[in-house]
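Scroll down for the structure; my scribbles are underneath it.
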Amino acid sequence: MTPPKLFQVNDPVEVYGREEDRCLCFYAATIVSLFETDAEVRFADLKTEDNKPIIEKVGLQYLRPRPVNFSLDFKCGDAINVWIKDRWWLGKFVTSVRRSQAVCLIFKAGREETVYYS
């Protein structure tokens, strides 16, 4: 019996990437084509110099499904993903400040603390 495929063409996914200081991040993309161990993806927010979407072949081990539901109910020390500068950053939740409808999240990714407003 063949196991079900985790991904299909046109699925929205996130592509794992490493940035400076070894911080982990994920880039939003869509699967263009699938191969046995790789996928060709079109990045949602990464463009060439002439503003065309970047299409790249990546290993399936570097993909994850794009999250559908999320909560802003974090506890200190929770592992979180925050969308900043065209990618998802992994970090730990430090604190939040609620003012009217906005939430200010402070999270730590590597050695750097970042403030994120939603």
Leading residue by the ranking (nearest to the chain's Cα centre (by Cα)) among those in the range 1-24 that are at pLDDT 75 or above and either closer than 13 Å to E56 by Cα or not in a loop (DSSP other than H, G, I, E, B) (or both) | E14
Could you look through the range 62-76, keep only residues that are at pLDDT 70 or above and surrounded by fewer than 10 Cβ atoms within 10 Å (Cβ to Cβ), and pick out the one that is farthest from D11 (Cα to Cα)?
-> C76
Conditions (1) modelled with pLDDT of 90 or more; (2) of a type in the set (S, T, N, Q); (3) under 14 Å from the mean Cα position of the chain (by Cα): number failed by N81 | (1)
Look through the range 34-53, keep the residues that are closer than 18 Å to V9 by Cβ and of a type in the set (A, V, I, L, M), and return whichever of them is nearest to the chain's Cα centre (by Cα).
-> A44
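The values are calculated or read from the model by the stated rules, or taken from the named source; none is laboratory data. Remember, predicted model here, so these are calculated numbers, not experimental data. FYI the Cβ positions are ideal-geometry reconstructions off the backbone, even for glycines, and counts take in every protein chain you see.
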